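Working notes, structure below.
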Amino acid sequence: MELASYADFAVRLVNSEEPERGTDALTSVDAVRALFPGPSRAAALADESDLPRLRAVRTRLRGVFEAAAGGEDVRAVDLLNSLMVEYPVSPMVSGHDDLDASGRPNWHLHLADNAPTAAANYSAVACMGLAIHLTELGVDRLGICQAAPCRNAYLDTSTNRSRRYCSDRCATRANVAAYRARKREEAQQAAQLTPRG
């Protein structure tokens, strides 16, 4: 697995809550397990104590995304660094069952799931993935959706750094709202110019 892909862990955790709408999907041990992309030792460790821990990390990760989206690069990096100090990773070389043409393993770095709790493992992986994404692509590649009331986090992987929404659905909704606002404005201007007789 490419280490940068672990940044999706951070997005998944941050987006488990929609503060503007008052929703929180992180309400059970099953919800903690569902954050992990598949069965793992770390997911199997999940218990009730992971819920408040992951909620606290989620709040702090949201702060990283919000600082980055607000152009506060140094603050975003400082917030992320403080999380990485708290949740260190254990890298390991892995080949899994991925073999090259000659039958030899394709060796790559992987993050070990040897943390003592599901929350510690998930947090370490999410923070490391986000750090790799940030250092390879830039702080400005971390965003918060601009479609109201959505405030979901996203990773901008576009070639021209143009992403502003977390999904096509939000982009469409924002575009339709902007179109309708323009049409209302045009109608109001036309009404003001029409002579009353």
Query raised in the report: How many residues, within region 12-35, are assigned to a helix (DSSP H, G or I) and of a type outside the set (G, A, S)?
Result: 8
Requested in this report: Select, from E136, E186, the only residue that is modelled with pLDDT of 85 or more, in a helix (DSSP H, G or I), open to solvent by 30 Å² or more (accessible area, probe 1.4 Å) and acidic (D, E).
Outcome: E136
Query raised in the report: Given the conditions (1) among the hydrophobic types (A, V, I, L, M, F, W, C); (2) over 25 Å from V77 (Cα atoms); (3) surrounded by 10 or more Cβ atoms within 10 Å (Cβ to Cβ), and given that C145 satisfies all but one, which numbered condition is not satisfied?
Result: (2)
Query raised in the report: Which residue out of V64, V89 is aliphatic (A, V, I, L, M), part of a loop (DSSP other than H, G, I, E, B) and open to solvent by less than 80 Å² (accessible area, probe 1.4 Å)?
Result: V89
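Conditions tested, residue by residue: (1) open to solvent by 60 Å² or more (accessible area, probe 1.4 Å); (2) of a type outside the set (G, A, S); (3) out of contact with any helix residue (DSSP H, G or I) (no Cβ under 6 Å at 6 or more places or on another chain); (4) not in a helix (DSSP H, G or I).
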| site | (1), (2), (3), (4) |
| --- | --- |
| P37 | yes, yes, yes, yes |
| L51 | no, yes, yes, no |
| A68 | no, no, no, no |
| V74 | yes, yes, yes, no |
Query raised in the report: Out of the residues in region 159-183 that are polar (S, T, N, Q) and either in contact with a Gly (Cβ under 7 Å, 6 or more places away or on another chain) or loosely packed, with under 11 Cβ neighbours inside 10 Å (or both), which is nearest to A4 (Cα to Cα)?
Result: T159
Requested in this report: Tell me which residues, restricted to region 1-25, are open to solvent by less than 80 Å² (accessible area, probe 1.4 Å), of a type outside the set (V, I, T) and more than 22 Å from M84 (Cα to Cα).
Outcome: E18, P19, G22, D24, A25
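The values are calculated or read from the model by the stated rules, or taken from the named source; none is laboratory data. Values in this document were obtained by computation on a predicted structure and should not be read as measured data. Backbone-built Cβ (ideal geometry, glycine too); neighbour counts: all protein chains shown. Just the protein is used for accessible areas: all its heavy atoms, side chains included, with ligands, DNA and RNA removed. Shrake-Rupley method; radii C 1.70, N 1.55, O 1.52, S 1.80 Å.
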